[in-house]
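Undergrad: This is the structure I want to talk about, given as structure tokens.
The values are calculated or read from the model by the stated rules, or taken from the named source; none is laboratory data. What you see is a predicted model; the values in this text were computed from it and never measured. Counting neighbours? That spans all protein chains shown, and the Cβs are built from the backbone with ideal geometry, glycine included. Ligands, DNA and RNA are stripped out before the accessible areas are found, and what is left, the full protein with its side chains, is counted by its heavy atoms. Shrake-Rupley method; radii C 1.70, N 1.55, O 1.52, S 1.80 Å.
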Amino acid sequence: MSLAEFTSSLDTLLLAAEKSLGLVADDAGLEELRVLYTGAKNGQLKTIQKGMGVLSPVEKPAAGKKFNEVRDAVQAAIDSAAARIGSSATTGVTIGGTAAVSKKSGPQVDPTLPGLRPRLGRLHPITQTIEDLKEIMGRLGFSATEGPEIEDTWHNFVALNIPEDHPARDPLDNFYLATAGKNSSDPTALDAKLLRSQTSTVQIRAMETQQPPLRIISLGRVYRPDEADMTHFPMFHQMEGLWIDISVTMAQLKSVLRMFATSYLGGDVTIRFRPSFFPFTEPSVEVDYFWNDQWVEFGGAGMVDPNVLKAVGYDPEKVSGFAFGLGVERLCMRRYGITDIRDLFRSDVRFLRQF
Ligand code: DAH
């Protein structure tokens, strides 16, 4: 065999290989062609390669180079045929595994394996409680509104009829902010800023922007520099309620709080008002619920003080109203039997995912 014959037999082989590999449609056919052209024992490339032995030493380098080129080209044609079949093969998978699937065409789908189960997150129990409370109060006609957590002394104290010398304004009982306002280091200044110590601030904000009648609740965080223990935490949540109209009564206040407690805690909850004092209500009461054979305090309430109505520009001769503030953690803890408030804020998912 001459070099010319050697070269032309390689060219013929490559032509035939590219043509047939370009047409092959399934894996069995591809495997047949692979063996035909590149089979290690009797493949056509192998046969031609054996003929190289008779060529003269001068011809051998050129022959070897040509052989390598053709061998690589055949391999490339096999690869591209496999890729073409492989992509259509994976879309043709049928359950029971009857579709032909190429061994070489990448990761296979086994539809009989169980799927990857997504890890579902859930809402924090306090967030769930807030949603529940909004829903219950919504049924009683109260719409939810929000106010800022960084407040000025006007909304947190002054407009709520809390005088300058009231112990509730003591810097030791509040988180005053040193950064905001030009007189911010002076807690008596009207533009002093603090983390709100109660959601009653939102009563003022709502009345400043809306005219009566008004029936709102506001749920959110409040802050007090308390040492954390089983029942205290420096940040907690309150639900504030406010109903202003031409003839709102204390009997309605009691009914609303009783219906609310019955809905949230379940059963027919008995409610008790104990005389108390808050600067922004007159008369004022502490609200207790009878729960598991004992009276438990849930917050404060009362009829909105005329001074508060005046502070927001309402006429106390024309409108009246009631207000209340309840502890959200307390409600949530009662309902779920949580005994330590700190558990709610440790961010331990083993605890939180129970709810
Ligand atoms: N703001 C009071 C507190 O944090 C709770 C409260 C009492 C709210 C009486 C009210 C109310 O709206 O009328 O202790």
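Undergrad: So, of the residues in the range 338-355 that are touching a residue at least 24 places away in the same chain (Cβ under 8 Å), open to solvent by 40 Å² or more (accessible area, probe 1.4 Å) and assigned to a helix (DSSP H, G or I), which turns out to be nearest to residue 212 (Cα to Cα)?
TA: The residue in question is 345.
Undergrad: A further question on this structure: What strands (runs of 3 or more DSSP E) completely inside the range 193-276 contain at least 2 residues that are among the aromatic types (Phe, Trp, Tyr)?
TA: Per the criteria, 235-245.
Undergrad: Give the residue, chosen from 228, 251, that is farther than 30 Å from residue 318 by Cβ, surrounded by fewer than 14 Cβ atoms within 10 Å (Cβ to Cβ), out of contact with any Cys (no Cβ under 6 Å at 6 or more places or on another chain) and at pLDDT 95 or above.
TA: From the options 228, 251, the qualifying one is 228.
Undergrad: Something else about it: Filter the range 120-157 for residues that are among the aliphatic types (A, V, I, L, M) and open to solvent by 50 Å² or more (accessible area, probe 1.4 Å); which is nearest to residue 314 (Cα to Cα)?
TA: For the range 120-157, the residue satisfying everything is 144.
Undergrad: Sort out which residues of the range 323-337 are more than 14 Å from residue 257 (Cβ to Cβ) and either in contact with a helix residue (DSSP H, G or I) (Cβ under 7 Å, 6 or more places away or on another chain) or in a helix (DSSP H, G or I) (or both), and write them in order of number.
TA: If the condition is that a residue be more than 14 Å from residue 257 (Cβ to Cβ) and either in contact with a helix residue (DSSP H, G or I) (Cβ under 7 Å, 6 or more places away or on another chain) or in a helix (DSSP H, G or I) (or both), then 328, 329, 332, 333, 334, 335, 336 are the ones that fit.
Undergrad: Just to be sure I understand, how many residues within the range 320-337 are open to solvent by 10 Å² or more (accessible area, probe 1.4 Å), in contact (Cβ under 8 Å) with a residue 24 or more places away in the chain and more than 16 Å from the ligand (Cβ to nearest atom)?
TA: Result for the range 320-337: 3.
Undergrad: Go through (1) at pLDDT 95 or above; (2) assigned to a loop (DSSP other than H, G, I, E, B); (3) farther than 13 Å from residue 304 by Cβ one by one and return the number of the condition residue 182 breaks.
TA: All conditions are met except number (1).
Residues are listed down the side, and each one gets a yes or a no for (1) within 11 Å of the ligand (Cβ to nearest atom); (2) crowded, with 20+ Cβ neighbours inside 10 Å; (3) at pLDDT 95 or above:
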position	(1), (2), (3)
217	yes, yes, yes
224	yes, no, yes
241	yes, yes, yes
262	no, no, no
302	yes, yes, yes
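Undergrad: In the set 288, 315, which member is part of a strand (DSSP E or B) and either of a type outside the set (Phe, Trp, Tyr) or touching a Phe, Trp or Tyr at 6+ places or on another chain (Cβ under 9 Å) (or both)?
TA: Unique residue meeting the criteria: 288.
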